[in-house]
1. Which of the residues spanning the stretch 1-19 are in contact with an Asp or Glu (Cβ under 9 Å, 6 or more places away or on another chain), within 19 Å of residue 66 (Cβ to Cβ) and open to solvent by 60 Å² or more (accessible area, probe 1.4 Å)?
2. From the set of residues in the stretch 20-47 that are open to solvent by 50 Å² or more (accessible area, probe 1.4 Å) and over 23 Å from the mean Cα position of the chain (by Cα), which is farthest from residue 60 (Cα to Cα)?
3. List every residue pair whose Cβ atoms lie under 6 Å apart, where the two residues are 6 or more positions apart in sequence or sit on different chains, the first residue falls within the stretch 63-78 and is without any contact (Cβ under 8 Å) to a residue 60 or more places away in the chain, and the second residue, located anywhere, is open to solvent by less than 40 Å² (accessible area, probe 1.4 Å) and small (Gly, Ala, Ser).
4. Name the one entry in 95, 106, 152, 69 that is more than 16 Å from the chain's Cα centre (by Cα), basic (Lys, Arg) and within 29 Å of residue 3 (Cβ to Cβ).
5. Looking at the stretch 132-175 only, could you name the residues that are under 26 Å from residue 71 (Cα atoms) and of a type in the set (A, V, I, L, M)?
6. Kindly provide the set of residues from the stretch 93-108 that are open to solvent by 30 Å² or more (accessible area, probe 1.4 Å) and under 17 Å from residue 161 (Cβ atoms), ordered by number.
7. So which residues in the stretch 30-42 are closer than 19 Å to residue 139 by Cβ and touching a helix residue (DSSP H, G or I) at 6+ places or on another chain (Cβ under 8 Å)?
8. Could you say which residue among 133, 113, 151, 107 is closer than 21 Å to residue 28 by Cβ and touching a residue at least 24 places away in the same chain (Cβ under 8 Å)?
Amino acid sequence: MSRIGKLPVVVPKGVKVTIEGSKVTVTGPKGELYREFSPDMDISFENDKIMVRRPSDAQNHRSLHGLSRTLLVNMIDGVSKGFEKGLEIVGVGFRAEKAGDNLVLRVGYSHPVEFKPKDGISFALETPTKLKVLGINKEQVGQVAAEIRSVRKPDSYKGKGIRYAGEKIKLKPGKAVGKAAK
């Protein structure tokens, strides 16, 4: 059996879960999330715990079992605590700033790059070179962070660009200067 899938999902205080067949709605202090799961998975709510069961040991059911439980945990964590993804900007003159709710990146192009936040997503600037993407949907937070990083991926020679917080960039050696050929 799936070791992750058979674990019960504990629902914290202040979070309300509504299950209608394969549709699950989770409401908490930070907002509301809705997801439709595979109709093969049996999702039940018992004693402040959610259990996910599968009908058989078929490969597709085993795959969906752990995935369904993990998606439920992410929904509950999102509406109760929220998610954040940190980004760092490295490079001389590279910086980020907020213009209202929008994020403006100045990363070496002739023009600033502006990002409008999607629904449920917000940006927080710690310093002009450190920012966070905040939201209740883990998938959306990760996707927006990836889109921001793709504006100027880290250079493999100097390391300049936008990287995830704590990301290590392996720098390539520059051009080797040797003896002149005779």
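The values are calculated or read from the model by the stated rules, or taken from the named source; none is laboratory data. This structure is a prediction, so every number in the text was calculated from the model and none was measured. Cβ atoms come from the backbone with ideal geometry, glycine included; neighbour counts cover every protein chain shown. Ligands, DNA and RNA are excluded from the accessible area calculation, which covers all protein heavy atoms including side chains. Shrake-Rupley method; radii C 1.70, N 1.55, O 1.52, S 1.80 Å.
1. 1, 10
2. 47
3. Correct list of pairs: 64/38.
4. Going through 95, 106, 152, 69 in turn, the sole match is 69.
5. 133, 134, 136, 141, 144, 145, 146, 148, 165
6. Scanning the stretch 93-108 gives 93, 95, 106, 108.
7. Scanning the stretch 30-42 gives 30, 31, 32, 33, 35, 37, 38, 41.
8. Only one candidate passes the filter, namely 133.
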